[in-house]
Protein chains: 2
Amino acid sequence: MVISPGQASVGFIGLGVMGHSMAGHILAGGYDLHVYTRTASKAEELTGRGAVWQETPAKLAQACDIILTMVGYPQDVEELYLGEDGLIANARHGAYLLDMTTSSPALARRIGEAADKRGLHALDAPVSGGDIGAREGRLSIMIGGEAEDVEVLRPILSLMGRQIVHQGPAGAGQHTKMCNQIAIASNMMGVCEAMAYAESAGLDPQTVLKSIESGAAGSWSLSNLAPRIIAGDLAPGFYIKHFIKDMGIALESAKEMNVSTPGLSLAEALYRQLAEKGYQDQGTQALIRYYSSM
Amino acid sequence: MVISPGQASVGFIGLGVMGHSMAGHILAGGYDLHVYTRTASKAEELTGRGAVWQETPAKLAQACDIILTMVGYPQDVEELYLGEDGLIANARHGAYLLDMTTSSPALARRIGEAADKRGLHALDAPVSGGDIGAREGRLSIMIGGEAEDVEVLRPILSLMGRQIVHQGPAGAGQHTKMCNQIAIASNMMGVCEAMAYAESAGLDPQTVLKSIESGAAGSWSLSNLAPRIIAGDLAPGFYIKHFIKDMGIALESAKEMNVSTPGLSLAEALYRQLAEKGYQDQGTQALIRYYSSM
């Protein structure tokens, strides 16, 4: 199949903050775009620009050669793909199904197998880079599936991301995203503990950053989230509730593989405590509240 | 006091890997350099270049206007500064004493007070940047003490470091270094857990790095130590035994201040387990051995 504007119709399901930006890039790239999302009003901006609204995922599937999905939780993905009215049951023969939700590697493999049986091409392709990366079309896209399918889809993926890497068979994209979240989880404790310590020691946290952020303690989180902590800005770049979901998937997956992850377990427990205290809609930097009221 | 080559005699105590490089920069800067270190043979290269050997710390103190120290453990610092034959008791009136060892903030304050009483200028100035930073004269130097003393010493410090930051009163340099080590400690768990997970999931860890190192999971440790883990290179950039020392100081100091540091506590416990298994002379990236034999 040749993937180029005018020759392939593309469906996008899930128009949250991330999905909306990503679908917008596909539309701007000249593709015939079909959309579905649970809250129909979220599609209005895109339909105003020419996207076609579809009443259900099944109807969207029947109209498209390529379907991208960006929904919430693994159970949403499961229902959307494997449910009776789902994508696998309704997609055109030979269609490409690409789930960009951060979801379970095991589920991605099940979807891969179900798609195979129906002559469909399924890939798991979660992203990192957040709302800004989605808006600016410079996400990192981590892909599990067949290498040749990744090449077929590369023109479309390039509209949304800069780092487009095939990581292995079905599930490998999700596994890679789990590595990403695992690395972040423990580091967030380090960043917040360093900031809380600095405050208690009577240091100026900003001046501390000047000494430590460009060396061996340096990290994206230290440079980008510690300044927000210092400024008292706990607004979500990435929601605590979503991070807890991701860490839960990682823990389950690690357990299945017998990988020990004490740092991840601890971080997840701290974040759950925060969520129980009402911080679930704050950004991940609100972990500082576990340590300090700074 | 004017600090310039030919006008100030500088003493350096502790010629380990770090101290040797640092003292060498001072000598190369044209200063009259006096040296002492426990293992006399470690001074030979410097005395061959014109440094003056002193038989004891007390004799060195009597000969110098500025004394820099870079020794091992807080108990070494305590003995060297506060012991009967130590620097405080033997330094010239008005001398500058700068401890660059990573040591206890509380001890740094005690040294500061003892120095004050004798009309001496004491500062704590631990560094980060490792052996390479020491060799290349681009350490980050975090300083506790009087701001005007930092300015007096800046010409000499500039020979050893690029980032020279006054962090506050006596002890503030050590506290800042603790923030640095705290941020590293938890992050090392994240990096190693991500690599161990990647391996168990059948991913290529190098390809995983390609997807995750430039985003929100990115860190100095991920970019610099994960490749060594993948290559099976556990040689020390920074020794596990020294990191355990530093984490112990941080834990004690955090406890004194009532700062909760569960991430640090966990990382320290994992590193101690590794040390008990014989990994104390490996680099900090050998934490991977807790998780995997990759």
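The values are calculated or read from the model by the stated rules, or taken from the named source; none is laboratory data. Remember, predicted model here, so these are calculated numbers, not experimental data. Here Cβ is always computed from backbone atoms with ideal geometry, including for glycine, and neighbour counts include all displayed protein chains. Just so you know, the surface numbers come from the protein's heavy atoms only, side chains and all, with ligands and any DNA or RNA stripped out. Shrake-Rupley method; radii C 1.70, N 1.55, O 1.52, S 1.80 Å.
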Kindly establish whether B:Ile212 is modelled with pLDDT of 95 or more and away from chain A (no Cβ under 11 Å).
no
Cross-chain or 6+ apart pairs with Cβ under 9 Å, segment B:255-267 first and β-branched (Val, Ile, Thr), then crowded, with 21+ Cβ neighbours inside 10 Å and part of a loop (DSSP other than H, G, I, E, B)
B:Val259/A:Ala201
Scanning segment B:30-47 for residues that are open to solvent by 30 Å² or more (accessible area, probe 1.4 Å) and not in a helix (DSSP H, G or I), the one farthest from B:Glu78 (Cα to Cα) turns out to be B:Gly30
Based on what the data block shows, is A:Asn258 surrounded by fewer than 17 Cβ atoms within 10 Å (Cβ to Cβ) and at positive phi?
yes
Which numbered condition A:Glu199 misses (of (1) facing another protein chain (nearest Cβ under 7 Å); (2) more than 16 Å from A:Asn224 (Cβ to Cβ); (3) surrounded by fewer than 24 Cβ atoms within 10 Å (Cβ to Cβ))
(1)
With the condition kept exactly as written, say whether any residue in segment A:213-220 is outside the structural domain of A:Val127 (by TED's automatic domain parsing), open to solvent by 50 Å² or more (accessible area, probe 1.4 Å), aromatic (Phe, Trp, Tyr) and closer than 12 Å to A:Leu287 by Cβ.
no
Just for segment A:246-261: of the residues that are closer than 11 Å to A:Ala185 by Cα and not polar (S, T, N, Q), which one is nearest to the other protein chains (Cβ to nearest Cβ)?
A:Ala250
Taking the conditions exactly as written (in contact (Cβ under 8 Å) with a residue 12 or more places away in the chain, β-branched (Val, Ile, Thr) and open to solvent by 20 Å² or more (accessible area, probe 1.4 Å)), does B:Val152 satisfy them or not?
yes
If the requirement is being more than 17 Å from the chain's Cα centre (by Cα), open to solvent by less than 20 Å² (accessible area, probe 1.4 Å), modelled with pLDDT of 95 or more and not assigned by TED's automatic domain parsing to the domain that holds B:Asn180, which of these qualifies: B:Leu82, B:Leu68, B:Leu120?
B:Leu120
So for segment B:164-174 (the condition being in contact with a Pro (Cβ under 6 Å, 6 or more places away or on another chain), open to solvent by 10 Å² or more (accessible area, probe 1.4 Å) and of a type in the set (Val, Ile, Thr)), does at least one residue qualify?
no
Based on what the data block shows, is A:Ser4 crowded, with 17+ Cβ neighbours inside 10 Å, among the polar types (S, T, N, Q) and more than 27 Å from A:Ser104 (Cα to Cα)?
no
Scan segment B:48-59 for residues that are farther than 21 Å from B:Pro126 by Cβ and surrounded by 15 or more Cβ atoms within 10 Å (Cβ to Cβ) and jot them down.
B:Ala51, B:Val52, B:Trp53, B:Gln54, B:Ala58, B:Lys59
Got a sec? Which of B:Ile141, B:Ile132 is within 13 Å of chain A (Cβ to nearest Cβ) and open to solvent by less than 30 Å² (accessible area, probe 1.4 Å)?
B:Ile141
If B:Gly16 satisfies every condition in (1) assigned by TED's automatic domain parsing to the domain that holds B:Val127; (2) over 20 Å from B:Tyr81 (Cα atoms); (3) out of contact with any strand residue (DSSP E or B) (no Cβ under 7 Å at 6 or more places or on another chain); (4) surrounded by fewer than 19 Cβ atoms within 10 Å (Cβ to Cβ) but one, which is the exception?
(2)
Which listed residue is in the same structural domain as B:Thr37 (by TED's automatic domain parsing), of a type in the set (Lys, Arg), in a loop (DSSP other than H, G, I, E, B) and open to solvent by 10 Å² or more (accessible area, probe 1.4 Å), from B:Arg92, B:Arg110
B:Arg92
Going by the structure shown, is B:Pro205 closer than 25 Å to A:Asp246 by Cα and open to solvent by 10 Å² or more (accessible area, probe 1.4 Å)?
yes
In segment A:262-294, the residues that are outside any helix (DSSP H, G or I) and at the interface with chain B (Cβ under 10 Å from one of its Cβ atoms)
A:Ser292
Go through segment B:172-187 and give me each residue that's within 29 Å of B:Ser21 (Cα to Cα) and within 8 Å of chain A (Cβ to nearest Cβ).
B:Ala172, B:His175, B:Thr176, B:Met178, B:Cys179, B:Asn180, B:Gln181, B:Ile182, B:Ala183, B:Ile184, B:Ala185, B:Asn187
